[in-house]
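One structure below.
Values quoted throughout were computed directly from the atomic coordinates according to the rules given, and no laboratory measurement underlies them. Note that the coordinates shown come from a computational prediction; the quantities given were computed from them, not determined experimentally. Virtual Cβ from ideal backbone geometry, glycine too; neighbours counted across all protein chains shown.
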Amino acid sequence: MRFKRRSDKEQRPTAFYQPPVDGEAATDAQTGDGGPSATPASAKRNGAEKPRRNGKLLRPLWWSLPIVVVALAVGIYMTVLPLWAWNTGRSARAGNNEGALNSYSRQIYWGDLGPASWVAHYNAGTQHVKLDHPDEAVAELRIAWDRVPKAKQIEDGRIETYSYECTVRMNLALALEKQGDAAMSTDRARAAEIYKEMGEVVAPCQSAASTQNQQNQNQQGGGGGADADKAHDRAQQKQQQAQKQDNQDKDKDKQNQDKDKQNQDKDKQNQDNKDKDKQNQDQQNQDKDKQNQDKSKDPYQGETKEQRAKREEMQKRQEQTDREERQNKDRKRGTGGTGAW
């Protein structure tokens, strides 16, 4: 039996016919071929249509995006800041203390945002100690001391010597020592108080042998407490020296005050004598002036005419009486009142 080959233009059976899509209809219209295409309809649909994405699958990604960003920022912060501090430490060990101080001062702001906020203050305070800035060093190291993780207490009054807290305490003690040395030339009482605080700061970091035998001045602890023992001994010695000199200064000031008081009393006594002499002299001058005024003054000033006439009459009588007495005396002498003896 022989089959006849159909041409491409020959129409397919209706059972295989599928309605064309819009694009296919336009193509057929352009080609002028109104017959059905030989390409299966399912193949045309797969090539023309794009699959749609399900938005619900992307929601967990969007929700986790802020967490990823925060985690990335924290990771960068925890990596960059220690590297920055390490690089600054290299500069400080190379001798560039001024540059290291400027870098540590800038790290304080960023360090305060993290959990280890005491580190930047500790580094800056340490550089101030190296540059002989005791006041600034004490201020920064006090902040570091407040924020540093507290060490474990080994026994009553003593903590772990190899701890961050003891590290901060030791540098704070050095800063207080420099501050006390600077105050020795002006205010020894304040210097004694600073040295006392220095000893109290390092006391918990001393070695066990030193804390059990405080009276032994030559005792040196072992391990991490050795430096604390030496610092505590220096603090006690300098405190005693400052108190001794302060007492000497007080005694000297008291002696000077007594001398000044004696001189003041003597000056006051001399001044009182001068004032008394001046008063006596003024009184004498006033008496002389009064006598002179009495002599120059008319004793009969202010009398009336009748009083004046009466006074003149009495004066004439007195003169007459005096004349008669003189004549009687002359007569008794035998002169008769007219001749010589």
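List every residue pair whose Cβ atoms lie under 6 Å apart, where the two residues are 6 or more positions apart in sequence or sit on different chains, the first residue falls within the range 149-173 and is free of Cβ contacts under 8 Å to residues at least 60 places away in the same chain and closer than 14 Å to VAL138 by Cα, and the second residue, located anywhere, is of a type outside the set (Ser, Thr, Tyr) and not in a helix (DSSP H, G or I).
Taking only residues 6 or more apart or on different chains, the pairs are VAL168/VAL148.
Take GLY157 and decide whether it is closer than 14 Å to VAL202 by Cβ, surrounded by fewer than 17 Cβ atoms within 10 Å (Cβ to Cβ) and among the small types (Gly, Ala, Ser).
Numbers: closer than 14 Å to VAL202 by Cβ: yes; surrounded by fewer than 17 Cβ atoms within 10 Å (Cβ to Cβ): yes; among the small types (Gly, Ala, Ser): yes.
Here the answer is yes, as GLY157 does meet what is asked.
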